[in-house]
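The values are calculated or read from the model by the stated rules, or taken from the named source; none is laboratory data. Keep in mind that this is a model prediction, so the values were computed, not measured. For neighbour counting, all protein chains shown are included, and Cβ atoms are generated from backbone atoms with ideal geometry for every residue, glycine included.
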Amino acid sequence: MDSDDSEFYGDEDTISSLKARVDDFDIAAWWSQAHHKRKYSAQPLATLTDRLTLAAITDRLYNRRGGEERLALLSHFQEMARGSGMPLSVVQMERWEAERDLRQLAVACELITGKWMLFLAPEEVDEVWERVARATAQNRLGIGAKVEIAGGAETGKARLLCVYTRDFRDKRDVARVLDVLRQLQLVMLGGEQIYYKSGFCSPFLIDAWTELGIYGGNSWGIRASMYSSNEIFSFVKSLDQEAL
């Protein structure tokens with residue numbers, strides 16, 4: 001590598017080191033080893049739950065660690081790239097690969113349910129919730145729905161209503177649920193968008209993105225949502241064109 005290339009991309013050792021760290025990170029291998037390690041497994045107290053009726057449980061520490069390690073790699077890559085003049089396209093590709101790895105880890109952890117999110121004015125919550133609850137009970141929507149209850153001093157705050165699907169990888173089912181929301185006049189093509197992300201209906205479980213602190217405007221530049229309504233409407237349109 002000549003001196004001009006070194007100034008533009010960073011020195012050869014830096015580039016090789018960053019690429020090696022990313023290439024060596026194997027989510028499947030990490031999961032097969034780390035998930036089965038339990039710090040207190042040899043202690044008598046660890047067997048207590050075997051004698052009790054299990055209500056709900058989630059292993060948040062071990063589900064989270066692999067994601068945190070992958071995000072740390074991305075942060076380090078971005079920090080090194082910032083001072084090396086590395087092309088933006090290379091950084092964007094690394095961000096995309098990190099997001100792909102996090103989704104694979106979520107699948108390995110069985111954190112695969114997702115939700116469409118609607119933010120409602122307080123005065124429209126009851127009417128919209130009635131429509132969503134009825135459609136859910138009739139098996140027209142997804143696997144569940146819930147709405148944020150009123151409370152506290154922020155009485156005028158928008159309230160979140162979530163409609164859940166079984167598997168965020170099933171894009172056709174995600175699209176089907178969106179179409180029912182369209183039929184219920186809660187979203188429309190070309191109108192204000194709503195967004196879909198990983199999420200659990202159970203209060204005992206936290207979705208992968210929330211667990212890792214991936215919200216809008218996060219420092220990694222990773223999208224907080226998986227899909228927008230317009231993206232899914234475009235997906236449905238492409239399917240219709242293929243069927244012709």
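The test for being within 26 Å of Glu192 (Cα to Cα) and surrounded by 20 or more Cβ atoms within 10 Å (Cβ to Cβ) does not hold for Leu120. Give me the residue from the stretch 62-86 that is out of contact with any Ser or Thr (no Cβ under 8 Å at 6 or more places or on another chain), at pLDDT 75 or above and small (Gly, Ala, Ser) and, out of that set, farthest from Glu99 (Cα to Cα). Out of the qualifying residues, it is Gly85.
Report whether or not Met117 is in contact (Cβ under 8 Å) with a residue 60 or more places away in the chain and over 20 Å from Gln183 (Cα atoms). Judged against the criteria, Met117 is not a match.
When residues in the stretch 211-244 are screened for being of a type outside the set (Lys, Arg) and part of a loop (DSSP other than H, G, I, E, B), 15 of them pass. Contact map, the stretch 191-207: first residue surrounded by fewer than 21 Cβ atoms within 10 Å (Cβ to Cβ), second residue modelled with pLDDT under 65 and hydroxyl-bearing (Ser, Thr, Tyr), Cβ cut-off under 7 Å, separation 6 or more or different chains; pairs are Phe204/Thr58; Leu205/Thr58.
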